[in-house]
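Participant: After the structure tokens below, expect a handful of questions from me.
The values are calculated or read from the model by the stated rules, or taken from the named source; none is laboratory data. Keep in mind that this is a model prediction, so the values were computed, not measured. Don't worry about glycine lacking a Cβ; one is built from the backbone with ideal geometry, like all the others, and counts go over all protein chains shown.
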Amino acid sequence: MRRIILAGNWKMNQTPKQAKALLEELKNSLPATRHTVAVFPPYLALTQAVAAGEPFLVGAQNCHFEDKGAFTGEISLPMLSEIGVKAVIVGHSERRQYFGETDETVNKKTLAVLRAGLTPVVCIGETLPQRESGAYADVLKGQLCAALSGVSAQQVPYVVVAYEPVWAIGTGVTASAQQAEEVCAMLRGQLGLLYDADRASQVSILYGGSMNAGNAASLLEMENIDGGLIGGASLKPAEFAAIVQAANEVKGALV
Ligand code: PGA
């Protein structure tokens with residue numbers, strides 16, 4: 001069965017020293033779980049996160065799609081892989097909005113991450129006007145298909161999809177559990193069309209956008225929501241711990 005993943009996207013927060021302290025605090029706060037707990041700190045704190053060990057799976061927030069070369073300021077997958085990074089967020093809406101990430105670069109990065117043997121966490125999401133006009137289903141299907149272009153049926157179970165409505169990120173406005181489930185079910189249906197139902201059932205689909213201790217259980221209760229990509233709340237150990245606890249309660253027993 002597919003993995004349940006509680007992933008903290010730290011964004012551009014935490015110096016290496018602060019990261020070390022936060023990892024320590026998280027370790028002391030998190031409940032035991034059979035689910036995957038992932039952290040995505042800034043590049044400079046990745047080594048600290050890998051050194052922190054269990055229970056963290058460590059991911060980066062971005063990467064370049066080439067292995068090396070004249071790309072000043074970029075970080076490659078061989079560099080990430082060598083220090084023990086296991087996953088990479090690809091196509092976060094902040095990168096699409098502020099750093100010129102396009103469906104095409106998201107696709108190149110997704111393929112590169114898979115080639116490197118890491119897990120791409122592919123982010124898709126609609127803006128508020130797209131939701132309000134009702135065009136969101138087509139927008140999301142388009143983003144998903146573009147991101148996965150050239151991903152084989154063998155590879156697709158190693159992809160994680162994160163549905164992050166742009167209007168819910170960092171705003172305190174969460175998609176209702178029904179809105180999020182409707183989209184996640186639709187995305188799984190689309191994966192079934194692109195591949196087959198069996199492969200689609202193996203892909204973890206996360207919800208992201210103002211997930212917190214108060215709303216996590218109702219979102220995670222949904223059949224097609226396999227975890228969360230959590231920004232603000234992942235920097236607060238008690239909140240993140242409560243989200244992991246909610247997953248334990250609604251997605252299955254403790255180890
Ligand atoms: P948020 O961020 O939980 O702070 O809304 C989620 C994300 O952007 O991944």
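Participant: How many of the residues in region 196-254 are part of a helix (DSSP H, G or I) and more than 12 Å from the ligand (Cβ to nearest atom)?
Facilitator: Summing the residues that are part of a helix (DSSP H, G or I) and more than 12 Å from the ligand (Cβ to nearest atom) in region 196-254 gives 21.
Participant: Just the residues that are over 14 Å from Gly59 (Cβ atoms), surrounded by fewer than 20 Cβ atoms within 10 Å (Cβ to Cβ) and not hydroxyl-bearing (Ser, Thr, Tyr), please, taken from region 115-130.
Facilitator: Arg115, Leu128, Pro129, Gln130 - these are the residues of region 115-130 that are over 14 Å from Gly59 (Cβ atoms), surrounded by fewer than 20 Cβ atoms within 10 Å (Cβ to Cβ) and not hydroxyl-bearing (Ser, Thr, Tyr).
Participant: How do the pairs read when you match residues in region 10-39 that are more than 14 Å from Lys236 (Cα to Cα) with residues anywhere that are surrounded by fewer than 17 Cβ atoms within 10 Å (Cβ to Cβ) and at pLDDT below 95, using Cβ under 6 Å and keeping only pairs 6 or more apart or on different chains?
Facilitator: Ala32/Leu254; Ala32/Val255; Arg34/Val255
Participant: To continue, here is another question. Which residue pairs have Cβ atoms under 6 Å apart, sit 6 or more places apart or on different chains, and have a first residue in region 200-219 that is touching a residue at least 40 places away in the same chain (Cβ under 8 Å) and farther than 21 Å from Ile89 by Cβ and a second that is of a type outside the set (Asp, Glu) and within 12 Å of the ligand (Cβ to nearest atom)?
Facilitator: Qualifying pairs under 6 Å: Asn215/Thr174.
Participant: Next question. If you check Ala177 against the conditions, is it in contact with a helix residue (DSSP H, G or I) (Cβ under 9 Å, 6 or more places away or on another chain), touching a residue at least 40 places away in the same chain (Cβ under 8 Å) and of a type outside the set (Phe, Trp, Tyr)?
Facilitator: Judged against the criteria, Ala177 is a match.
Participant: Specify which of the listed residues (Val106, Val85, Val50) is within 16 Å of the ligand (Cβ to nearest atom) and among the β-branched types (Val, Ile, Thr).
Facilitator: Exactly one residue qualifies, and that residue is Val106.
Participant: Confirm whether Tyr163 is free of Cβ contacts under 8 Å to residues at least 60 places away in the same chain, under 14 Å from Gly208 (Cβ atoms) and among the hydroxyl-bearing types (Ser, Thr, Tyr).
Facilitator: yes
Let's see how each residue does on (1) of a type in the set (Phe, Trp, Tyr); (2) within 20 Å of the chain's Cα centre (by Cα):
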{"residue": "Tyr43", "(1), (2)": "yes, yes"}
{"residue": "Leu57", "(1), (2)": "no, yes"}
{"residue": "Glu74", "(1), (2)": "no, no"}
{"residue": "Glu82", "(1), (2)": "no, no"}
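Participant: Being within 17 Å of Met222 (Cβ to Cβ) and modelled with pLDDT of 95 or more narrows it down to one residue among Ala185, Ala135, Ala146, Ala175; which is it? Talk me through it step by step, then tell me what you get.
Facilitator: Numbers: Ala135 fails: within 17 Å of Met222 (Cβ to Cβ); Ala146 fails: within 17 Å of Met222 (Cβ to Cβ); Ala175 fails: modelled with pLDDT of 95 or more.
So the residue among Ala185, Ala135, Ala146, Ala175 that is within 17 Å of Met222 (Cβ to Cβ) and modelled with pLDDT of 95 or more is Ala185.
Participant: Would you mention how many residues in region 2-34 are of a type in the set (Val, Ile, Thr) and either in a helix (DSSP H, G or I) or over 18 Å from the mean Cα position of the chain (by Cα) (or both)?
Facilitator: Selection size over region 2-34: 2.
Participant: Can you name the residue in region 74-102 that is of a type in the set (Val, Ile, Thr) and surrounded by fewer than 22 Cβ atoms within 10 Å (Cβ to Cβ) and, of all such residues, is nearest to Ile205 (Cα to Cα)?
Facilitator: So in region 74-102, the residues of a type in the set (Val, Ile, Thr) come out as 75, 83, 85, 88-90, 102.
Now drop any that are not surrounded by fewer than 22 Cβ atoms within 10 Å (Cβ to Cβ), which leaves 75, 83, 102.
Working: Ile75: 26, Ile83: 26, Thr102: 21 Å.
Checking each candidate, the answer is Thr102.
Participant: Here's something else I'd like to know. Of all residues in region 180-197, which are touching a Lys or Arg at 6+ places or on another chain (Cβ under 9 Å) and in contact (Cβ under 8 Å) with a residue 24 or more places away in the chain?
Facilitator: Met186, Leu187, Gln190, Leu191 - these are the residues of region 180-197 that are touching a Lys or Arg at 6+ places or on another chain (Cβ under 9 Å) and in contact (Cβ under 8 Å) with a residue 24 or more places away in the chain.
Participant: If you go through region 149-185 one residue at a time, how many are surrounded by fewer than 17 Cβ atoms within 10 Å (Cβ to Cβ), of a type in the set (A, V, I, L, M, F, W, C) and away from the ligand (no atom under 16 Å from the Cβ)?
Facilitator: Final tally of qualifying residues: 2.
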